[in-house]
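A short write-up of the structure that comes next.
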Amino acid sequence: MSLPMNARRFSPWLMALFLGSGLCLRTLGQLADTSPFLAPGTASNPAGGDDGASIELRGIMSTSGGYLFCIYDPAKKAGTWVNLNEGGHDFVVRSADPAHDLVTVQSSGRTFTLALHQAKVTTLTEPVVNMPNRSIGPFNGYPGMNRGDAARRLDAVAAEVRRRRLLREQADQVDERAAQMRGAPPEPGQ
């Protein structure tokens with residue numbers, strides 16, 4: 001069975017396109033895992049994104065069984081504490097340098113280094129609003145109350161405190177007399 005003349009004419013072009021795309025894919029697979037143009041601890045993604053943002057090193061903890069590493073996934077908003085070479089996750093911590101807060105992680109067939117995540121601290125850029133200076137007094141907040149009314153109200157409160165204190169002392173004396181009449185010793189502190 002022979003191909004039409006048009007198919008034979010385009011077959012070299014199709015073959016070149018097919019071979020060229022294969023070479024591109026092979027070259028793409030051989031790219032370095034890390035880029036000299038990125039900050040340490042981040043890895044380049046051939047698709048154009050930043051794979052270093054896909055997981056972060058958030059903590060290193062020394063235990064009796066060795067070091068544990070907290071690997072955080074911002075997309076999932078979840079972190080996991082893992083041992084060195086522990087499987088069962090989307091990543092594996094292959095090596096660590098706790099003295100320099102670095103780990104080497106393998107994820108999706110790629111290996112890259114993560115540095116311990118540093119918190120971002122920003123200063124307040126908005127000015128602090130100062131409240132107007134108001135005198136602070138015992139009854140300053142009541143509308144329509146002058147200083148004489150405030151002084152009378154304060155005296156009334158002080159008199160009520162004295163009256164209640166006197167009633168409490170009298171009740172304590174009655175309790176003490178009742179205890180003496182029964183022959184029981186007075187309560188401590190009486």
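Just a few scattered comments:
- Residue check for Ala156: modelled with pLDDT under 85 and not in a loop (DSSP other than H, G, I, E, B): no
- Hits in segment 78-105 - residues which are assigned to a loop (DSSP other than H, G, I, E, B) and touching a Lys or Arg at 6+ places or on another chain (Cβ under 8 Å): Leu84, Asn85
- If you go through segment 29-82 and keep only what is of a type in the set (A, V, I, L, M) and modelled with pLDDT of 85 or more, you end up with Ile55, Leu57, Ile60, Met61, Leu68, Ile71, Ala75, Ala78, Val82.
- All told, Ala78 meets the bar of being within 15 Å of Gly59 (Cβ to Cβ), assigned by TED's automatic domain parsing to the domain that holds Glu56 and loosely packed, with under 10 Cβ neighbours inside 10 Å.
The values are calculated or read from the model by the stated rules, or taken from the named source; none is laboratory data. In this text, all values refer to a predicted model and were calculated from it rather than measured experimentally. Ideal geometry is used to build each Cβ from the backbone, glycine not excepted, and the neighbour counts take in all protein chains shown.
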